[in-house]
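The values are calculated or read from the model by the stated rules, or taken from the named source; none is laboratory data. In this text, all values refer to a predicted model and were calculated from it rather than measured experimentally. We place every Cβ from the backbone using ideal geometry, glycine too, and count neighbours over all the protein chains shown. Just the protein is used for accessible areas: all its heavy atoms, side chains included, with ligands, DNA and RNA removed. Shrake-Rupley method; radii C 1.70, N 1.55, O 1.52, S 1.80 Å.
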Amino acid sequence: MLFKLSVKNMKKSFKDYAIYFLTLVLGVAIFYMFNSLDSQQAMLEVSQSTREMIQLMISMLGMVSVFIAIVLGFLIVYANNFLINRRKREFGIYMTLGMGRTQISKIILIETILVGIISLIVGIFIGVFGSQFMSILVARLFEADMSEFTFVFSKDACIKTCIYFAVMYLAVMIFNTLTISRYKLINLLTAVRKNEKVKIKNPIISILIFLISAGLLGYAYYLVTGGVYELNTAEKMLVPILMGIVGTIGVFWSLSGFILRIIQTRKKIYLKGTNMFVLRQLNNKINTTVISMSVICLMLFMTISVLSSSLSIQNSLDSELEEMTPVDVNLYKTANLPESYEDSYTGQMIYTTEEQREDSKQPVSYTLETNGYDMNTLKDVIEIPIYAIPDWTLAYSLGDYYEEAKVQFSMLMYDTPEEVIKVSDYNKIAELYGQEQYSLNDDEYIVLCDFDNMTELRNQALKENATIEIEGKTLHAKYDECKSGFIEMSTSHVNTGIMLVPDSLELKEEWKEEQFLVANYNAETDEEKEQIEKTFAEAENNTLLNNLDQKGIEIDGMTKISIREASKGLATIIIFIAIYLGVIFLIASSAILALKQLTESSDNKQRYTILRKIGCDEKMINQALFRQIFIFFMLPLALAIIHSIFGIKFILSMMASLASEEELLPSVIVTAVIIGIIYGLYFLATYLGSKNIIKEEE
């Protein structure tokens with residue numbers, strides 16, 4: 001009997017379950033999709049390093065899934081609470097007819113299990129098909145071979161999803177039982193007539209709070225976009241974060257206190273159609289949902305910022321990767337090793353052998369050849385020395401601007417010697433890289449720098465003081481700004497400074513800091529390049545590098561293939577975690593807003609009945625409802641967008657080497673589409689659900 005009654009109730013309350021069911025299905029589908037990557041990656045033809053990167057991503061997503069499960073758990077309990085409150089009168093009638101609390105709890109238990117099973121089946125079904133598109137996305141981002149692509153079902157992901165959501169449903173069942181046990185019959189029967197008490201706020205105090213809150217937000221925006229100090233520590237970052245939270249709460253708290261009063265003075269607007277009713281309803285809603293609106297706004301802000309920034313990083317890395325990896329390999333080793341030195345990482349004293357010291361004075365190719373490496377596997381080989389003049393430090397380069405720079409950029413190592421390269425040596429590499437080549441007179445030098453923040457710093461110094469004196473030789477900057485260029489390959493523009501000096505400048509042998517080699521692989525096909533790549537990128541399988549390590553001779557470097565794989569891996573991990581968190585936060589925000597609005601529509605049914613009695617037709621009532629829900633959904637989103645403008649700018653400034661504002665527009669468009677689909681879906685479901693609720697007969 002109870003089972004039949006539960007099924008009947010579900011069919012009758014299908015409209016009420018729509019938002020709840022939608023949230024469950026989306027949660028299950030997304031949870032399955034992101035936890036099924038371990039089975040999908042097995043069919044991708046990738047290198048060992050890329051496979052390790054994918055495994056790292058899967059491990060990180062597994063940890064994030066625990067947090068996601070907690071968020072979804074709270075969301076499901078919150079959504080279920082709406083359904084319980086919606087049916088108080090129904091439960092009161094059951095108790096009037098002689099049904100006990102235990103039996104009512106059993107009915108809710110059966111309904112929860114049925115909804116859970118259906119949502120799990122539908123969600124996993126959608127997730128299974130969605131995960132196939134996820135496989136294609138992973139393959140594209142990691143540039144994997146999809147020739148062996150097949151339809152994959154992840155049993156482990158399915159079991160994990162079922163277990164996590166079973167725990168959530170168990171929490172819901174316990175919550176429902178406790179809730180029903182506290183209800184009294186009189187409260188259940190009169191619940192529909194109870195309204196929240198609305199306190200009218202003093203408009204003057206509200207305006208004052210609004211101005212203070214706006215000021216807090218404005219100052220927080222100022223700090224994160226290059227204000228009075230650098231946000232380079234957790235303590236400093238906490239200040240604008242707290243100001244943003246307090247300012248957001250203050251804005252929503254104060255809105256209901258003066259917006260209505262202001263519009264009431266505009267009689268033509270206030271008295272037109274159902275505007276009076278809509279504005280009063282909104283005023284009451286904002287007044288009673290200050291914390292909820294603030295939390296939703298902050299969650300939307302996180303969604304927009306995280307999605308936009310991560311996608312921008314991906315776009316920026318892709319666009320710069322080809323430019324920043326113009327050759328196949330860079331190799332370098334320390335020059336002029338002393339008899340002993342302190343290890344910068346461990347602090348231990350390192351003692352060198354005669355063989356090590358002699359080798360450090362020779363080019364990289366000498367070390368390779370004397371240890372049995374076949375140099376015929378390389379072509380376009382160029383070798384140059386890189387110098388470090390003890391007296392030519394960053395502080396000396398900045399000159400009179402040094403003191404001001406220390407205040408703005410306190411974390412820089414100003415005592416570090418600059419990298420110095422003769423202009424002819426640089427031009428050899430520049431020609432191979434396809435970069436601009438330079439010429440210098442005997443008394444000139446050029447600063448190469450392509451890292452944005454350091455470029456601004458150096459440009460300011462060059463304008464104020466551009467004269468350098470080395471061993472009695474005076475050099476003047478040929479340009480009053482940095483020129484773009486680099487010698488070491490990377491994922492993006494990270495060259496913080498290279499000094500080009502004329503060939504006539506006498507550079508001492510002891511000033512040599514590194515021996516540097518650039519080259520291409522002497523191969524035509526990707527397979528042949530992969531074989532040569534193993535010589536440098538997989539030391540554990542490489543006799544040459546193992547032999548060098550045994551002798552204490554270190555050759556470091558980077559290859560185009562390894563840089564591209566690492567870059568793709570980093571970007572993909574960032575994107576997947578960002579999308580995972582962003583979509584869940586978006587679903588949570590949208591669901592909370594939807595449930596709040598549905599609760600209001602249920603509580604205010606009688607008010608819509610009064611509108612009908614005073615002559616409003618269904619079209620006017622539906623328009624009033626639509627405007628009310630639209631404004632209710634847009635308020636937190638609008639403030640979140642404003643927050644995001646400054647939040648994204650802060651993120652990009654913190655990750656200047658990985659992203660740029662030029663790559664932001666496509667990311668913002670994609671983010672807007674994602675938000676538009678999910679947020680719009682919840683908005684539409686809320687409007688249709690509320691429309692059906694207010695049409696119900698008393």
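Quick rundown of the values:
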{"item": "Matching entry among LEU581, LEU595, LEU586 (being open to solvent by less than 30 Å² (accessible area, probe 1.4 Å), within 21 Å of GLY676 (Cβ to Cβ), within 16 Å of the chain's Cα centre (by Cα) and among the aliphatic types (A, V, I, L, M))", "result": "LEU586"}
{"item": "Residue identified as acidic (Asp, Glu), within 37 Å of the chain's Cα centre (by Cα), surrounded by fewer than 17 Cβ atoms within 10 Å (Cβ to Cβ) and at pLDDT below 75 among GLU90, GLU143", "result": "GLU143"}
{"item": "In the stretch 463-500, residue farthest from the chain's Cα centre (by Cα) [restricted to those that are under 22 Å from LYS333 (Cα atoms) and of a type in the set (Val, Ile, Thr)]", "result": "ILE498"}
{"item": "Any chance PHE175 is at pLDDT 65 or above and outside any helix (DSSP H, G or I)", "result": "no"}
{"item": "Cβ-Cβ under 9 Å pairs, at least 6 apart or on other chains, the stretch 631-660 side over 29 Å from HIS493 (Cβ atoms), far side at pLDDT below 70 and of a type outside the set (A, V, I, L, M, F, W, C)", "result": "PHE632/LYS285"}
{"item": "Set SER65, SER39, SER119: member being at pLDDT below 70, assigned to a helix (DSSP H, G or I) and open to solvent by less than 40 Å² (accessible area, probe 1.4 Å)", "result": "SER39"}
{"item": "Pairs with Cβ under 8 Å, 6+ apart, first in the stretch 601-619 and among the β-branched types (Val, Ile, Thr), second open to solvent by 70 Å² or more (accessible area, probe 1.4 Å)", "result": "THR609/GLU698"}
{"item": "Failed item in (1) at pLDDT below 70; (2) farther than 24 Å from MET168 by Cα, with LYS15 passing the rest", "result": "(2)"}
{"item": "Given (1) open to solvent by 60 Å² or more (accessible area, probe 1.4 Å); (2) out of contact with any Asp or Glu (no Cβ under 6 Å at 6 or more places or on another chain), number of the condition TYR438 does not satisfy", "result": "(1)"}
{"item": "Single match in SER567, SER562, SER589 (criterion: part of a helix (DSSP H, G or I), modelled with pLDDT of 80 or more and closer than 25 Å to MET489 by Cα)", "result": "SER562"}
{"item": "The stretch 381-408, residues that are loosely packed, with under 13 Cβ neighbours inside 10 Å and either touching a Phe, Trp or Tyr at 6+ places or on another chain (Cβ under 6 Å) or in contact (Cβ under 8 Å) with a residue 40 or more places away in the chain (or both)", "result": "PRO390, ASP391, ASP400"}
{"item": "Scan of the stretch 475-498 for residues that are among the β-branched types (Val, Ile, Thr) and either touching a Phe, Trp or Tyr at 6+ places or on another chain (Cβ under 7 Å) or at pLDDT 90 or above (or both), ordered by number", "result": "ILE487, VAL494, THR496, ILE498"}
{"item": "Residue within the stretch 348-363 that is buried (at least 18 other Cβ atoms within 10 Å of the Cβ), hydrophobic (A, V, I, L, M, F, W, C) and under 43 Å from the mean Cα position of the chain (by Cα) present", "result": "no"}
{"item": "Only one of MET411, MET489, MET454 that is of a type in the set (A, V, I, L, M) and open to solvent by 80 Å² or more (accessible area, probe 1.4 Å)", "result": "MET411"}
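Residue-by-condition table, conditions (1) at pLDDT below 75; (2) of a type in the set (D, E, K, R); (3) surrounded by 17 or more Cβ atoms within 10 Å (Cβ to Cβ):
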position	(1), (2), (3)
CYS158	no, no, yes
THR161	no, no, yes
TYR164	no, no, yes
ARG182	yes, yes, no
ASN187	yes, no, no
ALA191	yes, no, yes
LYS194	yes, yes, no
